[in-house]
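Below is one structure, written out as structure tokens; comments come after it.
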Amino acid sequence: LVAHAVSVKDLGAWSVAYALVILAVQAARALVSTPLMVHDRVGDEAPRSLIADAWSAVSVLGVVLGVLLLGLLPILPSSTSWVVLAFTVGLPGVVLQDTMRFTYMRVGKSERALALDLVWVVAQGVLTVLLLHWFALSAADLTLAWVAGAGLSAIVGCLGQRVLPRLRAARAFASDQWKVSGKLFVESMVGNGSLQDRKSTRLNSSHITI
């Protein structure tokens with residue numbers, strides 16, 4: 001949608017911001033989702049308190065990552081400003097929804113994960129149609145529709161599980177899981193760095209060949 005609705009320059013700016021968001025999501029998976037998936041107390045009858053702690057932790061992490069993303073704004077191209085702001089506002093909802101999906105698949109309730117994805121897709125579609133009707137779509141508009149859909153999906157997930165993210169619960173999960181999540185985070189970031197190096201090498205090689 002973004003590629004069809006914006007200029008090449010705006011698409012490039014959006015891609016830069018989106019790449020940073022993907023890194024943030026992968027960091028959230030390493031720090032929260034994966035430790036939750038391998039936790040020995042997570043099964044078909046997973047304690048609601050453990051799920052609540054994990055969801056609280058990823059919500060707080062989303063806010064922190066959003067602030068860090070916002071801090072990169074001065075060094076990013078000016079054309080990314082509104083897109084980065086849109087991603088910053090919506091990042092907590094995006095990482096929370098992603099963790100909810102992992103949680104439901106881990107406890108054998110994949111139909112709930114699918115339902116959350118459907119809420120996201122439908123909400124994003126409705127918002128996009130409304131924006132298209134009222135405005136000339138920009139990359140920031142489409143990004144807002146995307147993150148708003150994720151946020152609504154996360155709210156539905158919290159209501160369905162009767163969980164309200166809490167700062168104290170976030171601290172409890174982080175303290176309990178740090179030995180695992182810290183190692184996974186380092187491995188995830190190193191893996192991403194190696195992947196980017198390989199992509200850069202291929203790009204440079206192809207350029208030299210041409």
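The values are calculated or read from the model by the stated rules, or taken from the named source; none is laboratory data. Note that the structure is predicted; figures quoted are calculated from it, not measured. A quick note on method: Cβ atoms are made from the backbone with ideal geometry, for glycine too, and the neighbour counts reach across all protein chains shown. These accessible areas exclude ligands, DNA and RNA; they are computed on the full protein's heavy atoms, side chains included. Shrake-Rupley method; radii C 1.70, N 1.55, O 1.52, S 1.80 Å.
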Peptides 20-30, 155-165, 54-64 ordered by average Cβ neighbours within 10 Å, highest first: 54-64, 20-30, 155-165
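Sorted by packing (mean other beta-carbon atoms within 10 Å per residue), highest first, where do 80-86, 11-17 land? All intermediate terms of the calculation are to be shown ahead of the outcome.
Details: 80-86: 21.3, 11-17: 18.9.
Final packing ranking: 80-86, 11-17.
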Label-point gap, in nm, between Leu76 and Ser110 - each point 7 angstrom along Cα→Cβ: 3.5
Alpha-carbon centroids, the stretch 110-157 and the stretch 45-94: separation in whole Å: 17
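What ranking of Met37, Met105, Met100 comes out by heavy-atom accessible area, probe 1.4 Å, highest first?
Details: Met37 60, Met105 95, Met100 0 Å².
Descending order: Met105, Met37, Met100.
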Two-site label geometry, Ser15 and Trp134: point separation in nm, points 7 Å out along Cα→Cβ: 3.1
